[in-house]
Every structure is written in C-alpha cells, then in structure tokens.
C-alpha cells in the first residue's frame, strides 16, 4: 500500500490543480471545454468568499509520478443547499492520476469531503457522473450512494452563453 | 398583474418555508421536507450564507385567497465549474398556482440570472423531474439544455447511513 497524505489545498496548489483538471477533462472526453486558468482558480478559491474549496492528495518525493509530480490527486467541493434538508456539500471533481489508482486515494479523498461536510452540518453529499463512465459508477455505488437520476427522475439542466445573456437582461 | 421581485429578508423565511412545502407537494415528495423556517433563517442570513433567496410580492389588493402577498420565490446559491468557473445553481423556483401565467416565474428566473451575471457567473444550473413536462418546457423555452439527455450526466447522492459510513472511513489528519 502506497503512503499518501491528504491536506487542504492552498493557493500554490492551483498550478497542479489546473493540470489535473485538464487531465480529468481529457478522461471525460471533454478537454476542449476547459476554459478556466490557474489565475481563475487562485482568485475564486482563495478570496474572502471562495466559490470552492479543495483538498490535495500528495505522495513523498520517492513515489513521485513519471513526470515528477508529488501532488497526484484532488477533490474540489463547495457548500450547497437543499430546501428540504438544509446544508449539503457538492463534490465538483474527484481525480487521481492514473498511475496512482488502486491505492485507496480516491476513496480517501471522497471520505474526507464527506467528513468536512458532516463537520459543517451537511446532510447530503451530491455530485454528477457521466452515464458511460462505468468504472466511476461502480466505484461510487460500491460505497453506498444512489443514482437520483435513475431512481427519482431528476434531470440536470443548464443555461449558458447567449441563452443566459438573454435571461440576465434587466 | 402587478408584482415585484426583491431580495428575501430574514422575516420572509416563514413564507418561504410555506412555499417550499407547497412545491414539495407539487413534486409529490411532501414527506421529504425536513427543515423549517428556523434553518432557513440560520443558513440564509448568517456571515457566510449557504443560499440567497428572492421573493415575488403582489400588492395587498391582489393577495391570495388565503391572504398571502408573498406569492413566489427563487432560492439559489453559487457553485463552481472547474471547466468554466463561477456558476449559480437554482435550487427552487416556485409561484403559487393562482398566480401563474403572469410572468412571475420568468421574472424570478431572470432576476437570478441578473444577480449571477453581476458576480460573473457563466452558468445557471438546476434540476427538474423527468415527468414534469410543463417545467421542462418552461426552461427549454428559455434556452435550458437537458444535460442528462444530451450528455449523459447523472446526479448521485450519499446521505443518511451511506454518508455516515463514508465519514467513518475518512483518513485521520
């Protein structure tokens, strides 16, 4: 079993988070959709009212990746709200570099998010997964979550670009 | 019909709680509502609020059959997309049945979009139940895309026992 540690992200981690965000987007076959930069992450995660929080999984230098990275996984989350049950936590990203998978790092990151959420009084941990992503679905379901799209019929909807501009006209 | 949309105050929480329950009845999940106006007051009006809320009001002479002038609400919070950046999530949008068809729902939705725009949000997201055709049509008409259908996104949740189990397995600091 590989030694790793998990700690809160700081502003210096944003370069590695940006790198891993792009890796995750490539895995999800949507890498051309990534518009965010390291600077956006720095401003949005480390200001007075951050839009998100992050935790980083690190290995020691002797276990660094083939490309020389010791920051080899992350989870990015924020607090949300359910008008039925109150405070909740939303996990936007969970990612472990491919060469480090199978060592319990993804599970440890997710558990840490759950722990932080519970400590803040949250009653749910929510996130989304692509329906074709069987290995991720299997991973999540093996830990007892449930699919509210298939079980309850919730569809995720989005307004952006021109449609959002039209809505935002005063 | 004349109506105004304004930011909710702590005093509105009783009305918001009433309408949350009405919305849950419409969604056929009224037994799922576990919080009351007290949690709304605590969580929406603290130092770092978990949500923001807008209410739609009509003048006294147009009050509802039961005497309410606060007739709709939109509850939302800020989120983050690691691809696009700042976003806003519309948790609830509701107008009392007797006030529908007057543009109040659209008024609330547009105000949320405007508030989000001021904070440089580039997305507005929400979820809708698959059987809720009128609501799906409402959002589709405003340019909303159904990501579950078009891209295959599924919403997943841990709560209750499954959440507790996950927490117990968290690494120690």
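Each value in this text was obtained by applying a stated rule to the coordinates, not by laboratory testing. Predicted model, so just to flag it, every value in this text is computed and none were measured. So basically every Cβ, Gly included, is an ideal-geometry build from the backbone, and we count neighbours across all protein chains shown.
Placing pseudo-labels 7 Å out from each Cα toward the beta carbon at residue A:19 and residue B:11 gives an inter-label distance of 5.6 nm. Helical runs assigned H by DSSP (4 residues or longer) give chain A a calculated mean residue ellipticity at 222 nm of -9500 deg cm²/dmol, each run adding -39500 (n - 2.57) before division by the residue total.
Counting other Cβ atoms within 10 Å as a rough exposure proxy, the listed residues A:97, A:2 run A:2, A:97 from fewest neighbours to most.
If you run the Gaussian network model on chain A, springs between alpha carbon atoms under 10 Å, then out of A:40, A:23, A:13 the most flexible one is A:40. With the convex hull drawn around the C-alpha atoms of the protein assembly as shown, the volume per residue stands at 136 Å³. Each Cα pair under 8 Å and six or more residues apart adds its separation to the average, and for chain B the resulting relative contact order is 17 percent. Net length available on complete extension from residue B:36 to residue B:137 is 33.3 nm, with 0.36 nm assigned per residue and the Cα-Cα distance removed.
At a Förster distance of 22 Å, what's the computed FRET efficiency of residue B:26 paired with residue A:146, Cβ-Cβ distance as r, to 0.05? Given R0 = 22 Å and the Cβ-Cβ separation, E is 0.45.
Peptide B:141-152 shows a mean partner chain C-beta count of 6 within 10 Å per residue C-beta. Note that region B:4-168 shows a convex hull volume over its alpha carbon atoms of 154 Å³ per residue. Both the radius of gyration and Dmax for chain A are 16.9, 57 Å, in that order, over alpha-carbon atoms. In plain terms, the residue of B:43, A:131 with the fewest other Cβ atoms within 10 Å comes first and the most crowded comes last, giving A:131, B:43. Listed from fewest to most Cβ neighbours within 10 Å, the set B:13, B:110, A:159 follows the order B:110, B:13, A:159.
Can you tell me which of A:36, A:56, A:72 moves the most in a GNM of chain A? Springs connect C-alpha atoms under 10 Å apart. Among A:36, A:56, A:72, the largest GNM mean-square fluctuation belongs to A:36. Straightening the chain between residue A:70 and residue A:33 buys 10.7 nm, computed as 0.36 nm per residue apart minus the Cα-Cα spacing.
When only C-alpha pairs under 8 Å and at least 6 residues apart count, what is the relative contact order of chain A, in percent?
After rounding, I find 17 percent.
Taking every DSSP helix (H) stretch of at least 4 residues in chain B, weighting each as -39,500 (n - 2.57) and dividing the sum by the residue count yields a mean residue ellipticity at 222 nm of -10000 deg cm²/dmol. Across region A:69-84, the residues whose backbone nitrogen lies under 19 Å from the label position 7 Å along the beta-carbon direction of residue A:26 are A:69-75. Peptide B:84-92 is shielded by partner chain Cβ atoms: per residue, an average of 5 of them sit within 10 Å of its Cβ. The distance linking region A:14-29 with region A:112-170 is 19 Å (Cα centroid to Cα centroid, whole angstrom). With both residues required to sit in the protein assembly as shown, DSSP beta bridges show an antiparallel share near 90%.
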